[in-house]
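S.K.: The following block contains the structure, expressed as structure tokens.
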Amino acid sequence: MAKYKLEYIWLDGYQPVRNMRSKTQIKDYASFPKLEELPDWGFDGSSTQQAPGGSSDCVLKPVAVYPDSTRKNGVLVMCEVYSADGTPHSSNDRATILDDPDAWFGFEQEYFFFQDGRPLGFPENGYPAPQGPYYTGVGYKNVGDVARQIVEEHLEICLDAGINHEGINAEVAKGQWEFQIFGKGSKVCADQMWVARYILNRLCEKYAIDVEYHCKPLGATDWNGSGMHANFSTKHLREVGGEAYFLALMAQFEKNCMEHIAVYGPDNHLRLTGLHETQSIDKFSWGIADRGASVRVPHSFKKNDWKGYLEDRRPNSQGDPYQIASRILKTISEVAI
Ligand code: ADP
Ligand code: MN
Ligand code: MN
Ligand code: MN
């Protein structure tokens with residue numbers, strides 16, 4: 001038997017953006033615990049906007065488990081929140097989302113490192129040199145001295161955890177970075193995204209740096225905002241596709257434009273302005289290799305007889321991947337195949 005450190009992670013009741021919360025319990029296991037070996041646990045919901053003080057107990061139900069290489073015998077346990085009566089808590093979006101193991105998602109999480117209330121590498125007053133050299137840039141003057149160390153450590157911890165972290169790049173604004181997570185099924189992919197965010201936030205503590213997920217932290221300036229592009233494909237899109245189906249799908253996306261925007265992250269009107277590689281928030285468009293469209297169609301998709309994956313560029317960096325993936329699946333389900 002060994003003592004395992006189980007870090008139970010959940011999303012709280014704050015709106016419009018849920019915060020991640022976590023706490024540790026120690027349990028004995030003969031080997032790395034399986035999901036079904038992890039007990040339910042409780043927490044004080046009155047401290048997380050999930051319950052009134054008089055009746056504060058909420059239940060944590062483990063739904064996914066990952067090794068935590070930052071700790072000896074460490075375990076990251078993603079949880080859903082339930083009420084004491086056994087029903088999913090109203091903050092528990094994961095419990096009710098659409099899922100399909102044949103629907104594949106690739107989320108591109110953009111974010112800023114922040115220190116002392118400004119992006120990492122910004123001078124105390126004013127701005128650094130304008131955007132241009134930072135995207136995929138190299139060298140101290142472009143990326144500073146610590147950001148790359150953090151993103152590399154983040155990558156290692158995610159890979160150790162079995163998270164399908166697919167890549168990293170320095171982004172367009174100074175202090176802005178991206179990583180990509182790919183998963184099969186909306187829950188599998190979105191769980192991994194939330195845990196990857198958790199790992200990043202926790203890692204940054206020791207650097208006295210915060211992760212700023214807001215979609216437009218520098219406001220209406222010439223600095224890019226942050227998105228979380230949602231790349232998606234279903235079995236039908238990958239194997240059958242066709243121009244007629246694609247056009248019908250895009251028509252349905254257009255019809256549901258505002259329903260999508262509603263779950264694509266707060267303050268998105270500040271980001272989806274029609275500038276900085278975005279489409280305006282109230283317009284829907286698609287385009288081949290067009291980074292100013294709502295949905296970008298990769299060249300390969302058209303060349304391959306309208307088969308493959310599509311990129312919805314509208315979700316933002318603070319969006320909830322559970323709800324984003326589910327909304328995409330809902331619109332897809334409304335189009336006959
Ligand atoms: P870009 O920055 O050019 O938009 P990225 O390489 O950052 O592209 O992201 C592309 C994403 O598309 C990756 O996360 C990848 O996992 C995802 N992806 C690739 N193929 C598929 C597919 N068939 N279904 C869903 N997502 C996919
Ligand atoms: Mn990208
Ligand atoms: Mn990007
Ligand atoms: Mn993209």
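S.K.: So, of the residues in region 279-304 that are within 16 Å of ligand 3 (Cβ to nearest atom) and either surrounded by 15 or more Cβ atoms within 10 Å (Cβ to Cβ) or not assigned by TED's automatic domain parsing to the domain that holds Gly242 (or both), which turns out to be modelled with the lowest pLDDT?
M.R.: Only one residue tops the list, namely Gln279.
S.K.: Moving to a separate point now. Identify, by number, the condition in (1) more than 16 Å from ligand 2 (Cβ to nearest atom); (2) surrounded by fewer than 20 Cβ atoms within 10 Å (Cβ to Cβ) that Asn268 doesn't meet.
M.R.: Every condition holds for Asn268 apart from (2).
S.K.: Could you count how many residues in region 94-121 are acidic (Asp, Glu) and touching a Leu at 6+ places or on another chain (Cβ under 8 Å)?
M.R.: Here the count works out to 2.
S.K.: Only one of (1) part of a loop (DSSP other than H, G, I, E, B); (2) within 19 Å of the chain's Cα centre (by Cα); (3) within 16 Å of ligand 1 (Cβ to nearest atom) is not met by His276, so which one is it?
M.R.: (2)
S.K.: All but one of (1) more than 16 Å from ligand 1 (Cβ to nearest atom); (2) closer than 15 Å to Ile209 by Cα hold for Val151, so report the exception by its number.
M.R.: Condition not satisfied by Val151: (1).
S.K.: Answer with yes or no whether Gln49 is at pLDDT 95 or above and more than 29 Å from Thr234 (Cβ to Cβ).
M.R.: Spelling it out, Gln49 is indeed at pLDDT 95 or above and more than 29 Å from Thr234 (Cβ to Cβ).
S.K.: Moving on. Taking Ile163, is it more than 16 Å from ligand 2 (Cβ to nearest atom), over 29 Å from Ala129 (Cβ atoms), at pLDDT 95 or above and in a loop (DSSP other than H, G, I, E, B)?
M.R.: yes
S.K.: Listed residues Asp68, Asp12; which is within 28 Å of Glu153 (Cβ to Cβ), buried (at least 21 other Cβ atoms within 10 Å of the Cβ), modelled with pLDDT of 95 or more and among the charged types (D, E, K, R)?
M.R.: Asp68
S.K.: I want to confirm something. Restricting to region 299-333 and keeping residues that are in contact with a Gly (Cβ under 9 Å, 6 or more places away or on another chain) and among the acidic types (Asp, Glu), which single residue is nearest to Cys215 (Cα to Cα)?
M.R.: Asp320
S.K.: Give me a count of the residues in region 284-303 that are free of Cβ contacts under 8 Å to residues at least 24 places away in the same chain and assigned to a loop (DSSP other than H, G, I, E, B).
M.R.: So the count comes out to 7.
For (1) in the same structural domain as Val211 (by TED's automatic domain parsing); (2) under 16 Å from the mean Cα position of the chain (by Cα), each residue gets a yes or a no:
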| residue | (1), (2) |
| --- | --- |
| Ala84 | no, no |
| Pro88 | no, no |
| Leu120 | yes, no |
| Pro128 | yes, no |
| Cys158 | yes, yes |
| Ala170 | yes, no |
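S.K.: Go through Pro101, Pro88 for me and flag whichever is farther than 30 Å from Gln176 by Cα, within 16 Å of ligand 1 (Cβ to nearest atom) and not charged (D, E, K, R).
M.R.: The conditions single out Pro101.
S.K.: Now, a different point. Against the conditions (1) in contact (Cβ under 8 Å) with a residue 24 or more places away in the chain; (2) in a helix (DSSP H, G or I), where does Phe32 fall short? Just the number, please.
M.R.: (2)
S.K.: What's the number of the only condition in (1) among the small types (Gly, Ala, Ser); (2) under 27 Å from Lys235 (Cα atoms); (3) within 16 Å of ligand 4 (Cβ to nearest atom) that Ala170 fails to meet?
M.R.: (2)
S.K.: Okay, next question. Identify, please: which residue in region 35-59 is part of a loop (DSSP other than H, G, I, E, B) and of a type in the set (Ser, Thr, Tyr) and is, among those, surrounded by the most Cβ atoms within 10 Å (Cβ to Cβ)?
M.R.: Thr48
S.K.: Say we look at region 96-135 and pick out the residues that are surrounded by fewer than 15 Cβ atoms within 10 Å (Cβ to Cβ) and of a type in the set (Gly, Ala, Ser); which of these is farthest from ligand 4 (Cβ to nearest atom)?
M.R.: Among those that are surrounded by fewer than 15 Cβ atoms within 10 Å (Cβ to Cβ) and of a type in the set (Gly, Ala, Ser), it is Gly126.
S.K.: Quick one: how many residues across region 207-245 are over 24 Å from Ala129 (Cβ atoms), more than 15 Å from ligand 2 (Cβ to nearest atom) and of a type outside the set (Asp, Glu)?
M.R.: 13
The values are calculated or read from the model by the stated rules, or taken from the named source; none is laboratory data. What you are looking at is a predicted structure, and each value in this text was computed from that prediction instead of being measured. Note that we place each Cβ from the backbone using ideal geometry, even for glycine, and neighbour counts take in every protein chain shown.
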